[in-house]
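What follows is a short report on a single structure.
Throughout, read-outs are computed from the coordinates displayed, never taken from laboratory work. Keep in mind that what you see is a predicted model, and the values were worked out from it rather than measured. Here Cβ is always computed from backbone atoms with ideal geometry, including for glycine, and neighbour counts include all displayed protein chains.
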Amino acid sequence: MATLGKSYIYIPETVDILYTSIPDKLKELAEECPDREAVIFCSPDGGRCSITYFQLYTNAELFAKRILTYGFERGSIIAVANINTPEWLICTFGLQMAGLVPLHFAFARESPNSVVNLLNGVGNCVAIILDSSDIGVFKQFIETMDTNGKAISTKIPSLQNVFPMNAFNDEQIPSGQCNLPYITADDICGIFLTSGSSGLAKAVPMTHMRMIEMGVHWGKLLDVQPGEKFFNDKPFSWQGSYPSIWLATKGSRVTVTDIFAMKSVEEINDFTLRVLESESCVSAFLLTPCISDLLSRKELSVRVFPLRVICTAGLPVDSFCANVIGRTATKFAVAYGCTEIGFMCSTVVNSNEYENYEVGQPLPGTEIKIVDENEHIVQKGTTGEIYVRLRYRFLGYLNAKQKAEQCCDKTGWYKTDDVGYVKPDNSVVVTGRKSDMMIIGGALVSPSYIEGVLKTHPSVANVYICPVHDKQTFQLGCAAIILKKDKTVTVEELVNFLTKEKGKYAESFLGNLHVPKTFLFFESFPKTHSGKLDRKALKDEIKKRL
C-alpha cells in the first residue's frame, strides 16, 4: 500500500513466521534431518570439513551444560571470537541454550584499546571465548589467567573468565546435572556490532524471532530449497550471514573459515569459483567487488553456472552488476538493511533492467517513508532521508540510550541516515549517506576516524579524507595530506601506519577497506573567509588532481 504521489510505502504481512527460538529450530532439524550437513567449511588449501544438524545440536547442548557449571547468571554477556568454524557454531548455539548472550566480535582485527573500550561500553561482559590466534590481543589487558579459564583484568572489571574456543570439547570437563532454561522467541539471541571501521561501533541486541524472520526472507531471496547448498563466505556474525538463514531454509551453507585472511578480490574469487563447482552450490551471496571481478573475466568455465541466484547487499549496487544475469546466474537479487533494524528491502532482477542503487520494495510488514529536513514526507522521485518502521522495533544500543533516541522517534520510525528516493513503482533507490560516513565495500567508514589516526603520525600536520566514487566498492577514501615542516613520508609508510594494528590481517582486502586508496600531498588547504577549511574547494581540487 502506498499514499498516492507521496514517498510512503507499506507492504502488508504475507509470510507466517514461527514463534520459536533458534535452539528449538535447531532441535527440530536435528530430529528431521540429522545426517544433513548444516555447514560445510572449505579452506584455500583444499581442506574440507562439515558438521551435521544432529552433531551441532548435541555438541551445543553439551557445551551449554558445561558452561553453566561456571555459575554465570542468565542474560550474562559472553564475547565470542568472530571466525567461521564448527567451534563457533557450537559455542554460539550453546550459549543461547544456556540463556547466555553471545557478543560477536572480531578480536583479531581490533587493537587492545578498542577491545577494552567496547567490552566496557557494552557492560556485563563476564567471559570471552576466543580462537587461539587471538591470544596475543588479550595478553595486553589480562593480568592473570589460570588453567581453568579464571581471569583477572583491571581494565575490564566485569571479566571473570577467558576460554579457548575448543576448551569445552574436553571430555574430562563435567557437564553438570542442570536442566537447561526455557528460551523464548523474544529472548535476546545475540549482540551485533555496527560497522567497526568507523571506530564508533555500537552494540545492538537482536531477538531469536527477528533473526529467524530475517532467515526466512534471506532464504526466499536466495531461492534455496531443503537439502540444497548455497555459498556465503562472510562471517557468521554478520546478520546477512547468520546461521538462522540455513536453519530457515533447511539447506546446507558452504563457507570459508576466514575470508579476512585473503589479500585481494582475485584471490577471493579464485577460491569461490573452485568451491561453487566442487560443492554444486545452487545460489551464492557475493559482495559487489567480487561480482565486478567475475564480470571482468573473459572465461568462466564453471559447471554450476548459471547459478539460480547471485545475491548481494551492504552498499549501493551499480547496475553493471546485473550483467551476471544469463552469464553466471539466472537471477540477480539485491538486499538492503542495517544492523539496528535488519533486513528491510529486496528486489529480484530477471533481466538487465536494473537501475543504479535500487534496493526494491519493502519486505512484508515494513513501512518506509522518505522525508525532508523538516521530517515531512516528500513526493515520489524526490530525494530525502529514508525512515523505516516495522513490527520488530529497534531495541536500542546497549548502554547508549541517548544515541538510540537520536535515531528512533517516539512512534517507532527508525532514521537510517541513508539518502534515497521512491520510484513510481514503489521501489526504493539508496544513493548514499546523510552524514559524512563513507560506504566502502559494504562497510561504513568514518572519515574523521581515519583523519584522527593519520594526524598522530609524526610527519603529518593536517589531513582531510574525501570520498570518491568507485564502481566496485561504491566509494573509496582519498587522503589529502599536509606534512609538517622539513618532514617527509611515503605513501607506503602511511598505509603501514594505518594497518599496523591489524596483525595477521595487515594485508586483508576486507579488513582494510578503511585505508585510503589514494594519497595527495598539499602545501596548504583552501580556507573560507572566516579561516575555516573550505571543504567544497578542497574537494574540487582533489577531483581535478584525480
Could you check what % of the DSSP bridge pairs in the range 287-412 are antiparallel, to the nearest 5? 75
Give me the percent relative contact order of the chain, please, defined on Cα pairs under 8 angstrom at least 6 residues apart. 13
Test of understanding: ordering D425, D318 by Cβ neighbours within 10 Å, fewest first, what list do you get? D425, D318
With θ set to phi - 60°, apply the Karplus curve 6.51 cos²θ - 1.76 cosθ + 1.60 along the range 471-488 and write out the HN-Hα couplings as whole Hz, x wherever there is a Gly or Pro. 5, 6, 10, 6, 9, 9, x, 10, 9, 9, 10, 10, 8, 5, 4, 6, 10, 10
Over 19 Å between Cα atoms: which of K434/K543; K455/K485; K484/K539; K6/K369; K263/K500 fall into that group? K434/K543; K484/K539
Name the residues whose placed amide hydrogens come within less than 5 Å of the amide hydrogen of D534, ignoring near sequence neighbours (fewer than 5 apart) on the same chain. K527, T528
Charge sum, other residues only, whose C-beta stays under 14 Å from D223's C-beta, Lys/Arg counted +1 and Asp/Glu -1: +4
Value in Å of the Kirkwood radius, where the range 313-462 supplies the Cα pairs that are averaged: 17.0
Would you list R36, R389, R210 from fewest to most Cβ contacts within 10 Å? R36, R389, R210
Counted neighbours (other Cβ, 10 Å), sorted fewest up, put I259, I542, I386 in the order I542, I259, I386
Could you tell me what fraction of 2.2 N^0.38 Å the Cα radius of gyration of the range 6-139 comes to, as a two-decimal ratio? 1.27
Determine, from the Cβ-Cβ distance of Q379 and D270 and an R0 of 30 Å, the FRET efficiency 1/(1 + (r/R0)^6), rounded to the nearest 0.05. 0.05
Report, as a whole number in µm² per second, the diffusion coefficient that Stokes-Einstein gives for the range 407-517 at 4 °C and 1.567 mPa s using the Kirkwood radius over alpha carbon pairs. 81
Phi angles of the range 400-410, converted by Karplus (6.51 cos²θ - 1.76 cosθ + 1.60, θ = phi - 60°) into ³J(HN,Hα) in whole Hz with x for Gly and Pro, give 8, 4, 5, 5, 5, 5, 5, 10, 9, 8, 5
Applied in sequence order to the range 440-445, the curve 6.51 cos²θ - 1.76 cosθ + 1.60 (Karplus, θ = phi - 60°) yields integer Hz couplings, x standing for Gly and Pro, of 10, x, x, 9, 8, 10
Long-range amide H contacts for A38: which residues qualify at under 5 Å (H placed 1.01 Å from N, peptide plane, sequence gap of 5 or more or a different chain)? I51, T52, Y53
In nm, to one decimal, how far is the modelled label at K517 from the one at E299, with both set 7 Å along Cα→Cβ? 2.8
Could you work out how far the C-alpha centroid of the range 333-403 sits from that of the range 213-260, in angstrom? 22
For the chain, give the share of DSSP beta bridges that are antiparallel, in percent and rounded to the nearest 5; count only bridges with both residues there. 60
Can you return the aspartates and glutamates within cross-link range of K298? Criterion is Cα-Cα under 19 Å, with same-chain partners fewer than 8 residues away left out. E266, E267, D270, E277
Please state, to two decimals, what the Cα-based radius of gyration of the range 309-350 comes to when divided by 2.2 N^0.38 Å (N = residues). 1.20
Rounded to whole Å and sorted largest first, list the principal axis extents of the Cα atoms in the chain. 74, 56, 54
